[in-house]
Every structure is written in C-alpha cells, then in structure tokens.
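Presented below is the structure to which this report refers.
The values are calculated or read from the model by the stated rules, or taken from the named source; none is laboratory data. Being a predicted model, the structure only gives us computed values, none of them experimental. Cβ placement follows ideal geometry from the backbone for every residue including glycine, while neighbour counts extend to all protein chains displayed. Quick note on the areas: whole protein, heavy atoms, side chains included, nothing else; ligands and nucleic acids left out. Shrake-Rupley method; radii C 1.70, N 1.55, O 1.52, S 1.80 Å.
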Amino acid sequence: MKVLILGGHGTLGTAIVKELNKSKKEYEIITAGRKSGDIQVDMTSKESIEAMFQKIGNVDHIVNAAGSATMAPLENLTQEDIKFSLNSKLLGQVNMVLIGSKYLNEKGSITLIAGIIKEEFIKMGTMYALINGAVASFAKAAAFDIEKDIRINCVSPSVFNESMVEYEDYFKGVKPVPVEKAALAFVNVIESDINGEEIKVY
Ligand SMILES: NC(=O)c1ccc[n+]([C@@H]2O[C@H](COP(=O)([O-])OP(=O)(O)OC[C@H]3O[C@@H](n4cnc5c(N)ncnc54)[C@H](OP(=O)(O)O)[C@@H]3O)[C@@H](O)[C@H]2O)c1
C-alpha cells in the first residue's frame, strides 16, 4: 500500500514513518515537504499539491503531519499572521482533501492533524485554537459528505515530549505525550475502518 506523508521529515512525520515501518503490513512510503522528503510540495498552493499528485500518481493513504500557525498575543495578531495561519495549517489541509481525494484509491484514507490547543487554551494560542478546531470539524463533516468510498479522520495530539524544549514556555500546565503515541494513532487509523473521527491523543 502506498502512503503519502506530508511533513514526513518533521518531528511527527518521522515518528509516523518509523511506526509504519514497524507494522506487519507492507507500505511504500512517500514523504513530502517544501525542501525535505522524496517529493517537494508546498501545501499552501493548490497548484503545487496538484503537481505533486501528477508526479506520484494515485496513493492508498494520505497522512498530514505539516502546517503551522502564528503564536502571538491576540492583540498583536496582524492580518498577515491570520492569513499565514489560515493558508498553512487550515487551507493546506482542506486542499489536501479536495485535491488528494481525487488521487486516492477507493477504500483509502486521509488523516489530518489538529491539536490539543483547540480545547486546552494556552497563552498566544488563539490562531492554533481556531485552526485546530476548524480542522477537526472539517474532517468529520468531509467524511460525512464525501461521495467517494474513502475515510477521512483527524488526530488531535497534545504537545510532544520531544517538542517541549522548543515549546515548554507556551505549554505550561499541559501534559505532554510521546510523539510515538501520536504516530501510532495515525497507523491505527490507516489499519482500521475508523471514519469521521477525531482521535485525541492527550
Ligand atoms: N510538535 C508538537 O508538539 C505538536 C503537537 C500537536 C500537534 N502538532 C502539529 O503536528 C504538525 C507537525 O508538527 P511537527 O512538530 O512535527 O512540525 P515540524 O517538526 O516542524 O515538521 C513539519 C514538517 O512539515 C513540512 N512542512 C511545513 N510546512 C509545509 C508546507 N507549507 N508544505 C509542505 N510541507 C510543509 C516540513 O518540511 P519542509 O520544511 O521541507 O517543508 C516538516 O517536515 C503541525 O501541524 C503541528 O501543529 C504538533
């Protein structure tokens, strides 16, 4: 089975690749990123996503482990911060579903990435709260609405232990999880028949 992992060389993406390689099932893994990975794509551009699928052809599963948003105090958010955040983690994932679903084999799956900040609020985290909430609702609604026989879900993890060096000042009071636990949630989605769910890894 052919699995596309967007952001496959990041903290989460690397862990997903590792867990897929440990599975008893055999996967052909394609990693994608703007600079890293087997194939280059910028998820903020529809044309770039389309060009990537033209090159790699149909896949069985799409996993999204990319996308970011601005962390800043609410009062300091600029229009550029808002546009950047929406274009990256939200519209990038919406377009990955709209375009990616055309290149997904029947019975395939798309798994998006949300995050704990949608319900455990942290200082400077309003853009992530907005986007993670929208991603989770979009994944469930898209699974309900899509005609093609594919599954759409999202994984919503807490901050990773491995990222605490970078983020510990922001995530005060939030219990981190090992990135391996979040990665396993993605593998479970691929290997099950879960559909229209938000899998919380808290
Ligand atoms: N880290 C955490 O604690 C945590 C917790 C919960 C949720 N999350 C979510 O998990 C996702 C991954 O986080 P991470 O910590 O693994 O991030 P990361 O280590 O920064 O990795 C992100 C990956 O995505 C790729 N990428 C970034 N922007 C892209 C774009 N526009 N188009 C295509 N590829 C792009 C990067 O590769 P290139 O640089 O080559 O593009 C990189 O491989 C994010 O959505 C994050 O919000 C993270």
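Computed from the C-beta positions of I82 and A141 and an R0 of 25 Å, the FRET efficiency is 0.65 to the nearest 0.05. Applying the criteria of a DSSP loop state and at most 16 other Cβ atoms within 10 Å to the trypsin sites (Lys or Arg not before Pro) of the stretch 132-177 yields K148, K172. Computed from the C-beta positions of S68 and K24 and an R0 of 35 Å, the FRET efficiency is 0.55 to the nearest 0.05. Using a cut-off of 28 Å between Cα atoms, the listed pairs K18/K107; K35/K175; K25/K107; K107/K200 include K35/K175 as exceeding that distance.
Taking GluC sites (Glu not before Pro) as exposed when their DSSP state is a loop state and no more than 11 other Cβ atoms lie within 10 Å, the longest site-free interval of the chain runs over 27-146. Each part gets one Cα centre, and for the stretch 1-77 versus the stretch 80-97 those centres are 14 Å apart.
Rolling a 1.4 Å probe over the heavy atoms of the protein chains gives the chain an accessible area of 49 Å² per residue. Each 5 Å bin from zero up to the one holding the largest Cα-Cα distance in the stretch 2-201 carries the following percent of pairs: 1, 8, 17, 21, 22, 16, 9, 4, 1, 0. In the elastic network of the chain, a GNM with C-alpha springs shorter than 10 Å, the most mobile of A136, A72, A114 is A72. When shorter helices are ignored and each DSSP H run of at least 4 residues is given -39500 (n - 2.57), the per-residue value for the chain at 222 nm works out to -11500 deg cm²/dmol. Listed by chain and number, the lysines whose alpha-carbon sits under 19 Å from that of K102, ignoring those within fewer than 8 places in the same chain, are K2, K46, K55, K140, K148. Using only side-chain charges placed at the Cβ, +1 for Lys and Arg and -1 for Asp and Glu, the dipole size of the stretch 2-201 relative to its Cα centre rounds to 160 debye. Listed by chain and number, the aspartates and glutamates whose C-alpha is less than 19 Å from the C-alpha of K24, apart from same-chain residues fewer than 8 away, are D60, E180, E191, D193. Which percent of the accessible heavy-atom area of the chain goes to carbon and sulfur, probe 1.4 angstrom? Of all accessible area on the chain, carbon and sulfur atoms account for 52 percent.
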